[in-house]
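K.L.:
Here it is: the structure, laid out below.
The values are calculated or read from the model by the stated rules, or taken from the named source; none is laboratory data. Quick caveat, the model's predicted, so the values are computed rather than measured. A quick note on method: Cβ atoms are made from the backbone with ideal geometry, for glycine too, and the neighbour counts reach across all protein chains shown. Please note that ligands, DNA and RNA were not included when accessible areas were found on the heavy atoms of the full protein model with its side chains. Shrake-Rupley method; radii C 1.70, N 1.55, O 1.52, S 1.80 Å.
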Amino acid sequence: MFHLQGPQMLQMLEKSLRKSLPESLKVYGTVFHMNHGNPFNLKALVDKWPDFNTVVIRPQEQEMTDDFDHYTNSYQIYSKDPRNCQEVLGTSDVINWKQHLQIQSSQSSLDEVIQNLATTKLVKVKQTQRILYVMPETARKLLPSLPETKNLPLKPSSPRAINQEMFKLSSLDVPHAALVNEFWQFGGNERSQRFIERCIRGFPNICLLGPEGTPVSWSLLDQTGEIRMGATVPKYRAQGLISHTICAHIQALDKLGFPVYNHTDKANKIIQKMSLNMHHIPMPCDWNQWNCVPL
């Protein structure tokens, strides 16, 4: 595959991916942040240029030194042609199938491709599929033709009021990664904690400090620019803190011009209700992650 280097090529890629939203969202968000500092030192590969069919975003080789670290060994894929995608990924060394890794995409149609590749590469694969949401201002800017976007209220919704004497807006520091890791559904281990530390260092985040002066609710971005790892500690749940935190984070990211999106477990009715109240728009495509382990 062809490695896109230099700001001009990456900006052209971002512009092209924008035309394929929302299916290209996970890759588009990643490339957007590659064009704004590239804090995770990622690289973009295409099957051909400029009329590409398949895009793969991955870390530089020197970043992928731990064969068991699927948080770092992470690939984002968008393809206009799944058959081409399977051929390209099957005949190139773009993906190191000998490592524990994860593949992310906003295209459920890639499941067959990845399952077929896993069979030929002798890899065990597990798919996770979730609801993909885009935030109102991002939808207005990037997806104006969606019916849900046209029906958005003119004013953003306000979250439930909180006790501002007790809870103070702040930001996470690297030592807080252990707390975030404890409550992240995909985390809970040393490798995920290192990944969270990198996310805290690389991207704007928000938290609420409780009476003890420690974070009680938080929201932060991953390497694709998606809001992930948002949570509230059990002691302070059911007080509207997470909606307040996410709302503040979205406003800050909107001011920076970032595309803002997230995902929610299909079984998490509480967050789905919050998303509905905050006018987050569910996308016609899904959030997908495939965790791959060599046999």
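K.L.:
How high is the FRET efficiency from GLN115 to GLU61, r the C-beta distance, R0 22 Å, rounded to 0.05?
P.N.:
Details: r = 26 Å, r/R0 = 1.18.
The computed FRET efficiency comes out at 0.25.
K.L.:
Compare ALA139, ALA231, ALA267 in a GNM of the chain, Cα atoms joined below 10 Å, and give the one with the largest fluctuation.
P.N.:
The residue with the greatest mean-square fluctuation here is ALA267.
K.L.:
How much of the accessible area of the chain, probe 1.4 Å, is carbon plus sulfur, in whole percent?
P.N.:
51
K.L.:
Select from the range 1-100 those trypsin sites (Lys or Arg not before Pro) which occupy a DSSP coil region and have at most 10 other Cβ atoms within 10 Å, ordered by residue number. Kindly include the intermediate steps, with their values, before the conclusion.
P.N.:
Working: sites: LYS15, ARG18, LYS19, LYS26, LYS43, LYS48, LYS80, ARG83, LYS98; in loops: LYS19, LYS48, LYS80, LYS98.
In loop regions of the range 1-100 (DSSP not H, G, I, E or B), the sparsely surrounded trypsin sites (Lys or Arg not before Pro) are LYS19.
K.L.:
Let me ask something else. Evaluate the relative contact order of the range 179-271 (contact order divided by residue number), counting alpha-carbon pairs under 8 angstrom at least 6 apart; express in whole percent. Provide the component values of the computation, followed by the final result.
P.N.:
Numbers: 116 pairs, mean separation 20.7, N = 93.
The normalised contact order for the range 179-271 reaches 22 percent.
K.L.:
Right, here's the next one. How big is the charge dipole of the range 43-140 about its Cα centre, in debye rounded to the nearest 20, if each Lys and Arg gets +1 on its Cβ and each Asp and Glu gets -1 on its Cβ? Intermediate results must be reported in sequence, preceding the final value.
P.N.:
Numbers: 11 positive and 13 negative charges, 51 e Å.
With only Lys, Arg, Asp and Glu charged at Cβ, the dipole is about 240 debye.
K.L.:
Measure nothing but the geometry: give the 0 to 90° angle between the long axis through the Cα atoms of 7-18 and the longest principal axis through the Cα atoms of the chain, rounded to 10°.
P.N.:
That works out to roughly 80 degrees.
K.L.:
Nearest 5 is fine: what % of DSSP beta bridges in the chain come out antiparallel, could you say? Mind showing how you got there, number by number?
P.N.:
Details: 43 of 47 bridges.
Here the antiparallel bridges make up roughly 90 percent for the chain.
K.L.:
Among LYS155/LYS235; LYS80/LYS121; LYS155/LYS273; LYS26/LYS168, which pairs are too far apart, with a Cα-Cα distance over 25 Å?
P.N.:
On the way: LYS155/LYS235 32 Å; LYS80/LYS121 23 Å; LYS155/LYS273 19 Å; LYS26/LYS168 32 Å.
From LYS155/LYS235; LYS80/LYS121; LYS155/LYS273; LYS26/LYS168, over 25 Å: LYS155/LYS235; LYS26/LYS168.
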